[in-house]
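A.B. asks: Have a look at this one.
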Amino acid sequence: MMDKSLIKKIKSKREFSELREIDIEKNFELFSKKQISEEEKISLTKEQLRKLFSAFLSKKLLSLKNKPYEWILRKHISTRERLPYYDCLYKKLFLNTKDNENLTVFDLGAGINGFSYNFFPKNKKIEYICFESVGQLVDLTNYFFKKNNINGKCFHLSLFELEEIKKIIKEKKGKKIVFLFKIIDALESVELDYSKKLIFELMPLIDEIVLSFSTKSLGGKNKFKVDRRWILNFIKENFDVLEEFEFGNEKYIVFKSHN
Ligand SMILES: C[S@@+](CC[C@H](N)C(=O)[O-])C[C@H]1O[C@@H](n2cnc3c(N)ncnc32)[C@H](O)[C@@H]1O
């Protein structure tokens with residue numbers, strides 16, 4: 001168990017001040033057995049947390065902003081890169097759903113993807129539920145939903161708080177689609193094979209998963225093809241793949257359980 005005073009120390013940094021504590025603890029554990037000082041462990045933990053939670057995020061988003069949704073979507077690498085494709089992406093993802101069907105999207109590790117709600121096809125009845133560890137992004141998203149009367153809610157939960165997430169998913173009726181957009185790297189760097197566990201546990205509760213990853217490494221000049229055969233093989237071995245496609249530098253794979 002991590003000492004509460006150490007958690008407090010890490011949370012004194014604004015960028016980590018509203019992180020779920022389980023994420024701070026799990027990342028601290030990665031270094032807890034190293035033969036180094038407490039200070040060094042804290043500093044390595046902060047470096048790791050920065051990579052997972054704030055590297056791709058403009059600091060401008062850490063306080064509530066009354067800005068148009070497209071302005072917000074440009075302040076995060078993932079949504080900025082996806083911005084030209086949202087229309088086509090969401091049309092494609094909801095093509096095989098009925099107009100009067102109740103649909104719920106569960107977006108795991110959503111960042112600010114909730115700000116893309118307006119790109120959902122207007123003729124569909126979609127409720128959007130998301131989970132995110134960074135409290136400021138949760139507040140920002142919920143404020144946006146409330147102000148614009150959007151049928152959505154963001155929960156301040158870590159993806160390692162799986163039982164709570166499952167409980168929320170179970171409460172909803174109708175067709176359920178899970179988004180796992182650009183999140184598997186973060187999960188794997190904290191706990192090996194956690195993405196597989198997550199997918200196995202969620203699948204019985206839902207209809208489809210849409211998983212995405214970047215086909216290029218983040219961070220500019222030295223872009224290289226990232227090898228994701230492990231996740232593609234895992235999905236193909238255990239589930240039915242409905243679609244596989246790319247928009248920009250993002251690959252999407254849509255899958256469901258075997259009938
Ligand atoms: C690369 S971003 C992708 C954001 C979003 N899925 C998208 O593609 O637009 C990863 C997001 O996952 C969140 N995240 C990382 N680890 C998490 C965890 N264990 N629990 C909840 N959220 C997490 C980060 O705060 C960040 O917002």
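Where a number appears in this text, it was derived from the coordinates with a stated rule and is not lab data. All figures in this text were calculated on a predicted structure; none of them were measured in a lab. Cβ placement follows ideal geometry from the backbone for every residue including glycine, while neighbour counts extend to all protein chains displayed.
A.B. asks: Based on the Cα atoms of region 83-166, what semi-axes does the equivalent ellipsoid have, where each is the square root of 5 times one gyration tensor eigenvalue, given in whole Å with the largest first?
C.D. replies: Details: eigenvalues 97, 42, 30 Å².
Listed largest to smallest, the semi-axes of region 83-166 are 22, 15, 12 Å.
A.B. asks: Under 9 Å from the Cβ of residue 73, count the other residues' Cβ atoms, weight Lys and Arg +1, Asp and Glu -1, and hand me the total.
C.D. replies: Values: positive: 74, 75, 80, 82; negative: 70.
Neighbourhood net charge equals +3.
A.B. asks: For each pair in 13/51; 125/175; 170/251; 173/256; 91/173, compute the distance between the two Cα atoms and list the pairs where it is over 19 Å.
C.D. replies: Working: 13/51 15 Å; 125/175 11 Å; 170/251 28 Å; 173/256 17 Å; 91/173 22 Å.
170/251; 91/173, as the Cα separations exceed 19 Å there.
A.B. asks: Using only the Cα atoms, work out Rg/Rh for region 62-256, with Rh taken as the Kirkwood radius, to two decimals.
C.D. replies: 0.93
A.B. asks: At a threshold of 8 angstrom on Cα-Cα distance, excluding pairs fewer than six apart, so keeping six or more, what relative contact order does region 4-54 reach in percent?
C.D. replies: Over region 4-54, the number comes to 36 percent.
A.B. asks: Right, next: Along the principal axes of its C-alpha atoms, what lengths does region 45-114 span, in descending order and rounded to whole Å?
C.D. replies: Principal extents (largest minus smallest coordinate, Cα): 45, 27, 21 Å.
A.B. asks: For residue 234 and residue 95 in one chain, what is 0.36 nm times their gap in residues minus the Cα-Cα distance, to one decimal in nm? Could you put the intermediate results ahead of the total?
C.D. replies: Values: separation 139, 0.36 × 139 = 50.04 nm, distance 2.56 nm.
Full extension from residue 234 to residue 95 adds 47.5 nm.
A.B. asks: If you don't mind, there's one more thing I want to ask. If you restrict to DSSP beta bridges whose two residues both lie in the chain, what percentage is antiparallel, to the nearest 5?
C.D. replies: If we restrict to bridges inside the chain, about 40 percent are antiparallel.
A.B. asks: If you don't mind, there's one more thing I want to ask. Could you please rank 81, 39, placing first whichever residue has the fewest other Cβ atoms within 10 Å of its Cβ?
C.D. replies: Going from sparsest to densest Cβ surroundings: 39, 81.
A.B. asks: Also, I was wondering about something else. Give me P(r) over region 1-105, computed from all C-alpha to C-alpha distances, binned every 10 Å, as integer percentages.
C.D. replies: 12, 31, 24, 21, 11, 2
A.B. asks: So what's region 4-54 giving for Rg/Rh, alpha carbon basis, Kirkwood Rh from the mean inverse pair distance?
C.D. replies: With Rg and the Kirkwood Rh in hand, the quotient comes to 0.92.
A.B. asks: Do you know the relative contact order of the chain, to the nearest whole percent, from alpha carbon pairs under 8 angstrom that are 6+ apart?
C.D. replies: Once normalised by length, the contact order is 16 percent.
A.B. asks: Exceeding 32 Å between C-alpha atoms, which entries from my cross-link table qualify? They are 46/176; 216/236; 98/216. Please list the in-between numbers first.
C.D. replies: Values: 46/176 35 Å; 216/236 22 Å; 98/216 34 Å.
Distance filter (> 32 Å) returns 46/176; 98/216.
A.B. asks: Can you tell which of 84, 190, 100 lies farthest toward the positive end of the dipole of the chain, using +1 and -1 charges on the Cβ of basic and acidic side chains (Lys, Arg; Asp, Glu)?
C.D. replies: Of the candidates, 84 comes out farthest on the positive side.
A.B. asks: Only four residue types carry charge here, +1 at the Cβ of Lys and Arg and -1 at the Cβ of Asp and Glu. Report the dipole size of the chain about the Cα centre in Debye, rounded to the nearest 20.
C.D. replies: 880
A.B. asks: Related question: Could you give the size of the charge dipole of region 5-116 about its Cα centre, using +1 on the Cβ of each K and R and -1 on the Cβ of each D and E, expressed in debye and rounded to the nearest 20? Please list the in-between numbers first.
C.D. replies: On the way: 24 positive and 16 negative charges, 88 e Å.
In total the dipole reaches around 420 debye.
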